[in-house]
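Okay, so here's the structure we're looking at.
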């Protein structure tokens, strides 16, 4: 595995802060329409001067769901969170015993919540455990139950009987497709795999969580799944128009700004469209550090971890990818933030193999809050799912300290007549905006000096200038956006009709 010493990361960050950074320029304006743009990559950024992109800091909200039923157990994992109207579901593998991938002890379970904070385990008909009704939606379906991964199919015209789809399987079986009307009763779409070993030009595959979804941004199905290349766990991407016929997978590469990112073991990828900006595919992924042992034998014995699961360690990182017509971005993850997104917590139980694995999908859990979930205490009697929260759009931000800094965007075209921002400042801080033509010349009436300084902390604030907030006369025309801020964070922006 390629090593990337922490001191190098610190050096790069220092240079980024201290010096103006010129990001490679694209002369052709990007059409962003009225979509929301996050600050998780540098795709729209032309120049940074004493400002930088800063990764969000998740808040630990405690245990959301204990895996304490006899059919759940120490090896629960590969969690998917789905919001379906007023119901939020957590799907996860039940596995009380260690065993080979796809063994008969594995089942797939479901918990439900109304708010993403308090969870219950419904008694489902069809499967029981020693006479007790369980919360299993799939049992006796090995090897699908090893890594079953469902989603709600939002493709226009999908029959009600196929509103939910899923895949699961191992290298031996290939990835099997399933369908469901309600997300609780499942059947195979066909007996043969939709993606088989013969289609994948890598020596090992499928043994992790394989992530499918319908992309409204690309108007196709996508599947991101794990393979091995040169002994390192890597991610590939495959495409389909009908969920049955899939393209040959393409290996995902990694960048960090204009630089190549270090290649590290990614055990799961958890790539999914961000719910407030579905053209941003956010990946809160499990980073695996093989043979990086933290615990000694005595510490492992004290927490009762399975003896085979404490000689490695892992955490969660955050990266993103986005589709760009005619570009290679579709097969590139942007690792703007190389640092850990979720670090192991205090205590030996957080530093074992295959713990801190994020669940798939982010959901909104409050007016200004969103949550994601992390599988922790793996291979231990205390195995559970934990909730972490962020402000809406708070995966990353454009940040400047008290001394202030600026960002200038690349040329883009928008659709709308007002600029809405998600931001926060200190009492002394503020944010100003300027609209420029493609040469960088300020557009009269929309100069920095004409902008009302934005102070406060809001999810949706309309920016105004002396002449007002109406930008309709500039819609459809190539412009640049200049942002000047101090002691402030800008989390996202979009153009829309107020």
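Evaluate 2.2 N^0.38 Å with N set to the residue count of the stretch 59-391, then give the Cα radius of gyration divided by it.
0.93
Expressed as an acute angle from 0 to 90° and rounded to the nearest 10, what is the orientation of the C-alpha long axis of helix 6-18 relative to the principal long axis of the chain?
Rounded to the nearest ten degrees, it is 20.
Please check which bits of the stretch 406-421 a label hung off residue 437 would reach, taking the label as a point 7 Å along Cα-to-C-beta and the cut-off as backbone N under 19 Å.
409-414
Averaged over all directions, how much area does the convex hull of the C-alpha atoms of the stretch 50-117 cover when projected, in nm²?
Approximately 7.4 nm², given one-decimal rounding.
How do 255-262, 360-367, 210-217 rank on mean C-beta neighbours within 10 Å, highest first?
Answer by packing, highest mean first, reads 210-217, 360-367, 255-262.
Taking every eigenvalue of the Cα gyration tensor of the stretch 143-218, multiplying by 5 and rooting it, what semi-axes result, largest first, whole Å?
22, 14, 10
Starting from the alpha-carbon convex hull of the stretch 341-447, give the projected area averaged over all orientations, in nm².
About 11.2 nm², averaged over all directions.
Under the definition of Cα pairs under 8 Å and six or more residues apart, what whole-number percent is the relative contact order of the stretch 358-498?
33 percent
How many nm is it between the label spots at residue 343 and residue 458, if each spot is 7 Å from the Cα in line with the beta carbon?
Distance between the two pseudo-spin positions: 3.5 nm.
Quickly work out the residue 105-to-residue 132 label distance, labels modelled 7 Å from Cα along the C-beta direction, and quote it in nm with one decimal.
Output for this residue pair reads 1.7 nm.
Determine by what factor the alpha-carbon radius of gyration of the stretch 19-168 differs from 2.2 N^0.38 Å, reporting the quotient.
Cα Rg divided by the expected 2.2 N^0.38 Å: 1.46.
Zone of residue 258 (label point 7 Å along Cα→Cβ, backbone N under 19 Å): which residues in the stretch 395-422?
Those under the cut-off are 406-411.
Just want the ordering: 189, 284, from fewest to most Cβ atoms lying within 10 Å of their own Cβ.
With the fewest neighbours first, 189, 284 line up as 189, 284.
Determine, for 129, 399, the number of other Cβ atoms within 10 Å of each Cβ, and report the residues in order from fewest to most.
With the sparsest Cβ surroundings first, the list reads 129, 399.
Given a cut-off of under 8 Å on Cα pairs at least six residues apart, what relative contact order in percent is computed for the chain?
17 percent
At a temperature of 25 °C and a viscosity of 0.890 mPa s, determine how fast the stretch 92-235 diffuses translationally according to Stokes-Einstein, using the Kirkwood radius over alpha-carbon pairs as Rh; express D in µm²/s, rounded to the nearest whole number.
Answer, rounded: 151 µm²/s.
Work out how much length residue 301 to residue 477 would gain on full extension: take 0.36 nm times their residue separation and subtract the Cα-Cα distance, in nm to one decimal.
The residue 301-residue 477 span can extend by a further 56.8 nm.
Under a plain spin-label model, where a point goes 7 Å from the Cα along Cα-to-Cβ, how far apart in nm are residue 292 and residue 155?
Once both label points are built, they end up 3.9 nm from each other.
Averaged over all directions, how much area does the convex hull of the C-alpha atoms of the stretch 263-316 cover when projected, in nm²?
5.1 nm²
Here, each number is a calculation from the coordinates, and none is a lab measurement. Bear in mind the structure is a predicted one, so any value in this text is a computation, not a measurement. Positions of Cβ are generated from backbone atoms using ideal geometry, with glycine treated the same way; all protein chains shown enter the neighbour counts.
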